[in-house]
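Each remark here refers to the structure printed beneath this line.
What follows is calculated from the coordinates using simple rules that are stated; it is not laboratory data. Every value quoted in this text rests on a predicted model; they were computed, and no experiment measured them. No Cβ is skipped: glycine too gets one built from the backbone with ideal geometry, and neighbour counts run over all protein chains shown.
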Amino acid sequence: MKLERSPFVVSIADLLRTPGHRRELELKGPIGELRSAGTVVDAAVEVDVRVGLEAISEGVVADGRISAAWRGECRRCLKTVGGDVDVEFRELFEREPKEGETYPLGHEEIDLEALIREALLLALPLAPLCEASCQGICPTCGADLNEGPCGCPPAGRDPRWAALDDLHLS
Ligand SMILES: [Zn+2]
Ligand SMILES: [Zn+2]
């Protein structure tokens with residue numbers, strides 16, 4: 001089995017020789033599964049990355065945009081939902097990276113994978129909805145209320161709310 005080179009490892013030899021020169025790249029490939037609370041980017045999903053690289057005295061600045069398709073469950077009705085996450089970034093790669101702040105600069109290449117994973121994780125929706133007006137499911141019978149009322153009596157309400165009603169707030 002041949003070891004696949006990550007599409008997100010980029011040679012920067014030319015940049016390091018010409019400080020101030022900027023190079024734009026378009027990269028594409030799978031990045032492995034990413035999971036946040038309510039959503040997932042599947043391992044096979046192709047992630048699109050547009051990145052500009054520029055050598056400065058401290059290292060290499062990478063900025064650009066990442067997009068990937070995600071899927072999840074509507075937090076109210078549990079139907080499968082999906083969308084695209086699209087996130088901008090601007091990060092520094094340096095020889096001696098600061099933990100949690102900058103990324104490691106290799107001898108003649110940089111690996112954008114950690115940056116891409118972190119940026120996507122932060123941008124994924126935590127609790128997606130199928131639509132803003134989703135009615136959810138009936139807590140009593142489990143019917144999908146988007147398809148109409150289920151006929152359960154409104155008495156299924158939490159008694160604590162009924163007590164609040166008795167206060168006759170106006
Ligand atoms: Zn829903
Ligand atoms: Zn019901």
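So what's the angle, to the nearest 10 degrees on a 0 to 90 scale, between helix 113-123 and the longest Cα principal axis of the chain?
30
Ranked highest first by average number of other Cβ atoms within 10 Å, how do 103-113, 22-32 line up?
For the peptides 103-113, 22-32, the packing ranking is 103-113, 22-32.
By count of other Cβ within 10 Å, fewest leading, how are Cys152, Cys134 ordered?
Numbers: Cys152 14, Cys134 18.
Listed from fewest to most nearby Cβ atoms, that is Cys152, Cys134.
If you take every DSSP beta bridge whose two residues both sit in region 9-132, what share of them, in percent to the nearest 5, is antiparallel? Could you put the intermediate results ahead of the total?
Values: 39 of 41 bridges.
That works out to approximately 95 percent antiparallel.
Region 86-100 to region 111-131: how many Å between their Cα centroids?
16
Please compute the length gained on full extension between His107 and Arg5, using 0.36 nm multiplied by the number of residues separating them and subtracting their Cα-Cα distance.
35.1 nm
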